[in-house]
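Novice: Take a look at the following structure, please.
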Amino acid sequence: MRQHVNPLSKNFNEIERLPSFSEMFHDSKLNLHLDVGCAAGEFLFDLALSNTNWNYLGIEIRERLVNNAKLKVLERKLKNLYFLFGNANNIINDCQSKFITKNVKSISFNFPDPWFKKKHYKRRVIQPEFINILSNLMQKGSLIFIKTDVQDLFDYMDYTILNNLNFKKIDVNEFNFSESFNPNKVQTNREKYVIINELVIFESIYMKI
Ligand SMILES: C[S@@+](CC[C@H](N)C(=O)[O-])C[C@H]1O[C@@H](n2cnc3c(N)ncnc32)[C@H](O)[C@@H]1O
């Protein structure tokens, strides 16, 4: 399977019809967490199984991964987990998805593709315009979590988010994870790999103010 997909390809311009919350989740009133670039979704399966008081939504640009994850949700009869296929930027930019952004309690960007070459920076999922849309729609107090093992990417994401004056940084060491979408600090696949290989993890949390 292809590891890197160009999110700017016109293949991703069309967005599938977005289901309503009641089609996605059994109890649409639960707190909602969005994971952007969720790959095969293992992280979200772990979370959804252990935190049944949260709804989890994953967006992933590799269609086969999303189709497999959707089948697994049906097999396991999970009612608090849903996956959307597509470029997260296009999905969130689309006016159909305003109800998602307005209702999320938190969004995670875990180990997004770094796109090391400068000419490819525009393929990075975190973009000023994207953060601007999030900042206009997210509720005050809702959170953005970022994690990466690439310092240059971390600096870029941190700068881009803080350049938007509607977000302030929260001290990760003081943050009370027990009431968050990830109370048991479940690790993503990339995070497990990074820890085994003793690489540094750069992470930050931002609050919409
Ligand atoms: C390096 S992987 C990290 C996967 C997972 N979050 C983890 O921590 O193990 C980045 C993932 O983001 C997906 N991705 C990249 N750009 C995206 C975009 N614009 N919209 C949705 N998914 C995207 C990639 O296909 C890939 O699955």
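Novice: With N residues in the range 1-81, what two-decimal value do you get for its Cα radius of gyration over 2.2 N^0.38 Å?
Specialist: Relative to the rule-of-thumb radius for its length, the range 1-81 sits at 1.13.
Novice: Right, another one. Tell me the mean residue ellipticity at 222 nm calculated for the chain from its helices only (DSSP H runs of n ≥ 4, each -39500 (n - 2.57), averaged over every residue, nearest 500).
Specialist: Details: 8 runs with 69 residues, N = 209.
Estimated from H runs of four or more residues: -9000 deg cm²/dmol.
Novice: OK, next. For the range 1-77, which trypsin sites (Lys or Arg not before Pro) are in a loop by DSSP, counting at most 16 other Cβ atoms within 10 Å? Mind dumping the intermediate values first?
Specialist: Values: sites: ARG2, LYS10, ARG17, LYS29, ARG62, ARG64, LYS70, LYS72, ARG76, LYS77; in loops: ARG2, ARG17, LYS29, ARG62, LYS77.
Those that pass, being in a loop and sparsely packed, are ARG2, ARG17, LYS29, LYS77.
Novice: Something else about it: Taking other Cβ within 10 Å of each residue's Cβ, how do LEU199, LEU81 sort, fewest first? Could the numbers behind the result be given before it?
Specialist: On the way: LEU199 10, LEU81 23.
So the ranking, lowest neighbour count to highest, is LEU199, LEU81.
Novice: When DSSP assigns beta bridges and you keep just the ones with both residues in the chain, what percent turn out antiparallel, to the nearest 5?
Specialist: Numbers: 10 of 31 bridges.
Once the DSSP bridges in the chain are tallied, antiparallel ones form about 30 percent.
Novice: What are the trypsin sites (Lys or Arg not before Pro) within the range 94-168 that DSSP puts in a loop, where the Cβ has at most 12 other Cβ atoms within 10 Å? Walk me through the numbers before you get to the answer.
Specialist: Numbers: sites: LYS98, LYS102, LYS105, LYS117, LYS118, LYS119, LYS122, ARG123, ARG124, LYS140, LYS147, LYS168; in loops: LYS117, ARG124, LYS140.
Those that pass, being in a loop and sparsely packed, are LYS117, LYS140.
Novice: Can you bin the range 127-173 into rounded, prolate or oblate? Criterion: square roots of the alpha carbon gyration tensor eigenvalues sorted a ≥ b ≥ c, rounded for a/c under 1.5, prolate for a/b above b/c, oblate for the rest.
Specialist: Values: a/c = 2.15, a/b = 1.35, b/c = 1.59.
Oblate.
Novice: Through the Karplus equation 6.51 cos²θ - 1.76 cosθ + 1.60, θ set to phi - 60°, convert the phi angles of the range 15-24 into ³J(HN,Hα) values in whole Hz; use x for Gly and Pro.
Specialist: Coupling constants for the range 15-24: 10, 5, 4, 8, x, 6, 4, 5, 7, 7 Hz.
Novice: Taking just the alpha-carbon atoms of the range 74-193, what radius of gyration and Dmax come out, in angstrom?
Specialist: For the range 74-193, the Cα radius of gyration and maximum Cα-Cα distance read 15.2, 43 Å.
Novice: Can you compute the modelled spin-label distance between LEU165 and LEU8, with each label point 7 Å from Cα toward Cβ, in nm?
Specialist: 3.0
Novice: Please list, by residue number, every one of the chymotrypsin sites (Phe, Trp or Tyr not before Pro) in the range 94-154 that is coil in DSSP and has at most 14 other beta-carbon atoms within 10 Å. Can you show the working numbers first?
Specialist: Details: sites: PHE99, PHE109, TRP115, PHE116, TYR121, PHE130, PHE145, PHE154; in loops: TRP115, PHE116.
Filter output for the range 94-154: PHE116.
Novice: Out of every Cα-Cα pair in the chain, what percent are more than 25 Å apart? Provide the component values of the computation, followed by the final result.
Specialist: On the way: 7265 of 21736 pairs.
More than 25 Å apart: 33 percent of the Cα pairs in the chain.
Laboratory data are not the source of any read-out in this text; all were calculated from the coordinates shown. Keep in mind that this is a model prediction, so the values were computed, not measured. Backbone-built Cβ (ideal geometry, glycine too); neighbour counts: all protein chains shown.
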